[in-house]
Structures are given as C-alpha cells and as structure tokens.
Amino acid sequence: MPVVTVVPQDVQVRTRAGESVVDALRRHGWRSPYRCRRGGCGACRARLLSGRIRYPLPVAESVLTPAEQAAGQCLPCRAVPVTDVVLDIGAHPLRAVLASAPTPDPRPQEGL
C-alpha cells in the first residue's frame, strides 16, 4: 500500500486500498485541514511534490482546474494515492488527535 509523507512535518502514514489521503491521516491519528471531505470547498488544497494520485470521482473544475492539477495542486480529501506520495500542506500544520499519534518535534535535531 502507498505511503503518504506530509511536509513540512515529515509525517508518514500508510494508506489502504482506495483510501483518500485525509482518511489515511485520520485513521493514523492526524487531522489535516479540510471542511467538506468531498472536494467541494478546496479547504484541503495541497501541493503534490512527488508520486501519483487518482480521483475515484471527478473533481469540479470550479474547485481545482486542470491547469492547477497539472501544476501539482490536489485535494487530499478526495485524492487516493497510486504510488508513494509527498504532499506539502503549507502553513496549516497537521494536528495529532489520538494519544497514540506521535507529535513531531519542531526543534532541529542536534548531534544525530
């Protein structure tokens, strides 16, 4: 199953078959920016830095144009990874919502 890496926090989660990025993150205890969870609002918009995704259902051009998709923009609430992917969610950080989810240390690691 594909692995999703979210930067700038370097959080990695493994997806299940047919699972969207947002659903995989939530299953692993992370909350990412989103509102509608069906691709209608664009609140979850992120940049696909590497890898391939697919949309099981078409995405409305009013939310994400073909040109924006070609430029690497995607909607993680609907995007299903085909390969390992790296997404940049920008200034809206992931939040740990389960006690079992590790919280990234924002400080640089020294001496490693």
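Each reported figure results from applying straightforward, stated rules to the coordinates on display, with no laboratory input. Keep in mind that this is a model prediction, so the values were computed, not measured. All Cβ positions, glycine included, derive from the backbone under ideal geometry; neighbour counts span all protein chains shown.
General remarks:
- Cα gyration tensor shape of segment 1-55, rounded if a/c is under 1.5, else prolate or oblate by comparing a/b with b/c: rounded
- In sequence order, segment 31-36 has phi-based couplings of 10, 10, x, 6, 10, 7 Hz under the Karplus curve 6.51 cos²θ - 1.76 cosθ + 1.60, θ = phi - 60°, and Gly or Pro positions carry x.
- Dipole magnitude (debye, nearest 20) for segment 3-101, charges at Cβ of Lys, Arg, Asp, Glu: 340 debye
- Annotation for Arg31 and Gln12: the two label points, set 7 Å from Cα along the Cα-Cβ direction, are 2.6 nm apart.
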